[in-house]
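Participant: Dumping the structure here so I can ask a few things about it.
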Amino acid sequence: MTEVTSYRFSFGPWNISEGADPFGPEVRTPYSLIEKLDWYRPLGFEGVQFHDDDVVEGLDDLQTGQVTRRAQEVRQALADRGLVAEFVAPRLWFHPQTIDGGFTANAAADRQYALDRCLRTIDIAREVDTRNVVLWLAREGTYIRESKNARLAYQRILETLNRMLEYDPEVRIWIEPKPNEPMDHAYVPTIGHAIALAYQTVAPDRVGGLIETAHAILAGLDPADEMAFALAHDKLGSVHLNDQNGLKFDQDKSFGSANLRMAYNQVRVLEEAGYGRHGEFIGLDVKVMRTQKQPGSTAHLTNSRETFLHLVEKVRSVDRELEQKLIDARDYEALDAYTLRHLLGVSDGSAADSQLPAMAAAGK
Ligand code: GLO
Ligand code: MG
């Protein structure tokens with residue numbers, strides 16, 4: 001019998017947000033980290049994704065001992081609720097010393113700040129019991145091409161990765177590529193760039209990627225193919241499933257809400273590769289609509305999780321024999337129609353559908 005993956009889900013506390021956007025203030029009142037942690041299990045989630053300052057607020061102003069103590073409190077809060085930390089990510093885009101980026105900043109002092117902050121993130125990750133650090137390279141890029149030397153920037157990113165890998169021989173780094181926003185163009189815009197960098201490091205086995213649906217779409221790419229590329233290199237550390245309606249600001253819509261078929265194909269790629277069988281999480285990075293009232297603050301999380309699980313059922317129940325016949329007959333029109341009917345839930349017994357095998361067999 002083939003092994004059936006039992007999926008585990010994760011999200012970050014920033015996914016329960018207050019609705020502020022560049023054009024207006026918060027519209028819901030904030031919940032504390034502990035209130036949010038209380039929701040994880042009841043909502044069906046087991047993994048917590050963190051920024052370093054989600055764990056230790058104001059960490060730049062604290063001594064090492066204070067940082068450690070606070071991280072240990074969070075570790076206990078997780079244990080008390082049957083939760084695990086999936087990863088910790090340095091928030092390298094808030095502090096004044098990251099205005100021009102971190103690893104690729106033109107000022108040496110700013111680059112030093114970014115490295116020091118990443119090493120602190122590693123310490124925090126270890127305190128909350130995870131080896132995984134995610135790098136979303138928010139401001140590593142440019143508003144205008146002339147402001148940075150891109151070749152040098154890539155060397156600097158590589159140097160920083162190496163310093164992190166050497167600092168802790170067990171740490172794993174997952175780069176989360178994104179092509180734009182907040183920058184005009186970001187360095188490391190796709191998983192291909194991330195994996196090329198991984199192979200250049202001193203420890204390629206410990207560097208991989210985290211692929212976010214919306215980021216792949218913003219790069220004009222298909223998220224399922226991006227995931228497949230990382231999986232083919234055994235370098236898909238995690239995912240940020242969500243959705244994105246075309247090329248605009250990063251929307252972080254609920255999974256499947258803009259393009260259900262694209263969502264189906266992401267689930268299909270993950271399921272077929274056995275992703276999740278070694279503890280990998282189905283991570284979400286979704287934003288609730290600004291119009292949502294306070295009690296609905298977590299609806300996007302449960303909706304995304306349920307959509308994922310429904311799509312797993314769709315992947316598992318697809319008629320593989322029929323698909324193969326249609327592929328052998330090179331009848332991709334019929335394959336397309338079958339896929340749509342399957343997703344629509346009208347694939348059983350409909351007259352049109354029952355003609356498909358016959359057509360395939362006849363080589364039509
Ligand atoms: C923004 C990113 C961001 C990261 C998070 C973890 O576009 O998706 O939400 O996923 O900071 O590194
Ligand atoms: Mg993300």
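The values are calculated or read from the model by the stated rules, or taken from the named source; none is laboratory data. Keep in mind it's a predicted model, so treat the numbers as computed, not measured. Here the Cβ positions follow ideal geometry from the backbone for every residue, glycine too, while neighbour counts run over all protein chains shown. Please note that ligands, DNA and RNA were not included when accessible areas were found on the heavy atoms of the full protein model with its side chains. Shrake-Rupley method; radii C 1.70, N 1.55, O 1.52, S 1.80 Å.
Participant: Which whole-number value in Å² is the accessible area per residue of the chain, probe 1.4 Å?
Facilitator: Heavy-atom SASA per residue in the chain reads 47 Å².
Participant: Shifting gears a bit: Tell me whether the range 102-243 comes out rounded, prolate or oblate; compute the Cα gyration tensor, take square roots of the eigenvalues as a ≥ b ≥ c, and use a/c under 1.5 as the rounded threshold.
Facilitator: In terms of gyration-tensor shape, oblate.
Participant: Just want to confirm a number: the relative contact order over the chain, from Cα pairs under 8 angstrom separated by 6+ residues, in percent.
Facilitator: Reported relative contact order: 15 percent.
Participant: Taking a quarter of the surface of the Cα convex hull of the range 191-280, what do you get in nm²?
Facilitator: Seen from a random direction, the Cα hull of the range 191-280 projects 5.7 nm² on average.
Participant: Among 210, 247, 137, whose mean-square fluctuation peaks in a Gaussian network model of the chain (Cα, cutoff 10 Å)?
Facilitator: Between 210, 247, 137, it is 247 that shows the largest mean-square fluctuation.
Participant: Right, next: For a quick check, take a GNM of the chain with Cα springs below 10 Å and name the residue from 90, 179, 295 with the largest mean-square fluctuation.
Facilitator: 295
Participant: If you take the Cα Rg of the range 1-62 and divide it by 2.2 N^0.38 Å, with N the number of residues, what do you get?
Facilitator: 1.49
Participant: If we count every other residue with Cβ under 13 angstrom of residue 150's Cβ, Lys/Arg +1 and Asp/Glu -1, where does the sum land?
Facilitator: +1
Participant: So which lysines pass the test for residue 325, namely a Cα distance under 30 Å, with those fewer than 8 places away in the same chain ruled out?
Facilitator: 314, 364
Participant: Farthest toward the dipole's positive end in the range 18-154, which of 107, 87, 40, given Cβ charges of +1 (Lys, Arg) and -1 (Asp, Glu) about the Cα centre?
Facilitator: Positive-most Cα among the choices belongs to 107.
Participant: Then there's this: Mind checking which lysines have their C-alpha under 24 Å from residue 235, skipping anything on the same chain fewer than 8 residues away?
Facilitator: 178
Participant: Another question, if that's okay. Check the straight Cα-Cα distances from residue 293 and name the lysines below 23 Å, setting aside those fewer than 8 residues away within the same chain.
Facilitator: Within reach: 36, 253.
Participant: Whole number please: convex hull volume per residue, Cα atoms of the chain, in Å³.
Facilitator: Taking only Cα atoms, the chain has a hull volume of 162 Å³ per residue.
Participant: In addition: Please report the net charge: other residues with Cβ closer than 13 Å to the Cβ of residue 19, K and R +1, D and E -1.
Facilitator: Surrounding charge for residue 19 is 0.
Participant: Find the centroid of the Cα atoms in the range 196-271 and in the range 78-106, then give the distance between the two in whole Å.
Facilitator: 20 Å
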